[in-house]
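Peer 1: Just passing along the structure, written as structure tokens.
The values are calculated or read from the model by the stated rules, or taken from the named source; none is laboratory data. Note that the structure is predicted; figures quoted are calculated from it, not measured. Cβ placement follows ideal geometry from the backbone for every residue including glycine, while neighbour counts extend to all protein chains displayed.
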Amino acid sequence: MRIGVLAVQGAFAEHEQVLRALGAKCFEIRQQADLSGQLDGLVLPGGESTVMGKLLRELGLFQPLWEKIESGLPVLATCAGLILLAEKISGEEGRHLGTLPVTVKRNAYGRQLGSFYTEAEMRHIGTIPMHFIRAPYVEEVRNGVEVLAEVDGRVVAVQYRNQLGLSFHPEVSGDTSVHRYFLHMCKDAGEGGHFSSI
């Protein structure tokens, strides 16, 4: 199984380490040419969503990634990656990929809770550690979106078709449950043949 990790900015290396430890082959996506081979899943890591969105367009990655996600390519999006996927960003006019029918609130926890740790139940997985780092949360979900986890009444994990969006950082926890769940999604989606370049 071959997983592409967006590596234009942010915390991509940690995702690669976890996925490789689980037996997946990872490669970094930095330019259009990187999308030419087999692609069974995509990781959009944490980082600065505004910078990442700008780089996606400048590097010619925006349209091909949007097309792949729309066509059903499984994607794991964490923190800033969740903002990249969101259909709407609270209080802002613009959006990025807009494939996930949710509204997210950026830097939602404020300075006092800018970073914190908790453990909570995630549907289909169980209780897992959750590290929040200047995290967004999901303010509103629309039709077809499954809420997977809530912390203090706020939605922090959702799934829509093959898109998995998380407010927290599973790649730093030492727990591989989320990545294993994502790889199962990739396997299920690819049983009819892998996703090649468009």
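Peer 1: Can you name the number of the only condition in (1) within 17 Å of S167 (Cβ to Cβ); (2) touching a Cys at 6+ places or on another chain (Cβ under 6 Å); (3) among the charged types (D, E, K, R) that R106 fails?
Peer 2: The failed condition is (2).
Peer 1: In this structure, does R142 turn out to be surrounded by 14 or more Cβ atoms within 10 Å (Cβ to Cβ) and more than 16 Å from A77 (Cα to Cα)? Full working, then the answer.
Peer 2: Values: surrounded by 14 or more Cβ atoms within 10 Å (Cβ to Cβ): no; more than 16 Å from A77 (Cα to Cα): yes.
So R142 does not fit the description; no.
Peer 1: Moving to a separate point now. Within segment 17-40, identify whether any single residue is of a type in the set (A, V, I, L, M, F, W, C) and on the phi > 0 side of the Ramachandran plot, and answer yes or no.
Peer 2: Taking every residue of segment 17-40 in turn, none turns out to be of a type in the set (A, V, I, L, M, F, W, C) and on the phi > 0 side of the Ramachandran plot.
Okay, residues lined up against (1) out of contact with any Cys (no Cβ under 7 Å at 6 or more places or on another chain); (2) surrounded by 15 or more Cβ atoms within 10 Å (Cβ to Cβ); (3) among the aliphatic types (A, V, I, L, M); (4) part of a strand (DSSP E or B):
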{"site": "V8", "(1), (2), (3), (4)": "yes, yes, yes, no"}
{"site": "R20", "(1), (2), (3), (4)": "no, no, no, no"}
{"site": "I69", "(1), (2), (3), (4)": "yes, yes, yes, no"}
{"site": "A77", "(1), (2), (3), (4)": "yes, yes, yes, yes"}
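Peer 1: Right, another one. Need pairs with beta-carbon distance below 8 Å; first residue on the phi > 0 side of the Ramachandran plot and within segment 57-76, second modelled with pLDDT of 95 or more and part of a loop (DSSP other than H, G, I, E, B); sequence gap 6+ or separate chains.
Peer 2: Once the first residue is on the phi > 0 side of the Ramachandran plot and sits in segment 57-76, its partners that are modelled with pLDDT of 95 or more and part of a loop (DSSP other than H, G, I, E, B) give G60/Q31; G72/R161; G72/N162.
Peer 1: Condition check: farther than 26 Å from G41 by Cα and either touching a helix residue (DSSP H, G or I) at 6+ places or on another chain (Cβ under 7 Å) or not in a loop (DSSP other than H, G, I, E, B) (or both). Does E171 satisfy that?
Peer 2: For E171, the condition - farther than 26 Å from G41 by Cα and either touching a helix residue (DSSP H, G or I) at 6+ places or on another chain (Cβ under 7 Å) or not in a loop (DSSP other than H, G, I, E, B) (or both) - is not met.
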